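> Please find one structure pasted underneath; my questions will follow.
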Amino acid sequence: MNDPGIAVHVAPARSGRPPSRSRDLKPHELVRVEIRMPAAVAGPLFARARAAERPVSAVASDLLAAALADAAGDAMA
């Protein structure tokens, strides 16, 4: 995931919008994602970001990356 020479294929996701095109991006290019989450998840996320003095989006990205990298899929448990 950190190799700058490897393209990352981002397929369109199913959502309420018309389908967009697939994209091939560099690993560190940013992709805008809008999500809705329960307040029970948002509260701790915002608190963690505030404690780390980092943007919520950066903290959420780090947490998602760690969860996706976990082979067992239970990193957030």
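The values are calculated or read from the model by the stated rules, or taken from the named source; none is laboratory data. Keep in mind that this is a model prediction, so the values were computed, not measured. All Cβ positions, even for glycine, are placed from backbone atoms using ideal geometry, and neighbour counts span all protein chains on display.
> What number of residues within the range 49-69 satisfy the criterion of being surrounded by 11 or more Cβ atoms within 10 Å (Cβ to Cβ) and farther than 20 Å from His9 by Cα?
Total meeting the criteria: 10.
> Which one is modelled with the lowest pLDDT among residues in the range 1-48 that are assigned to a strand (DSSP E or B) and surrounded by 11 or more Cβ atoms within 10 Å (Cβ to Cβ)?
Val10
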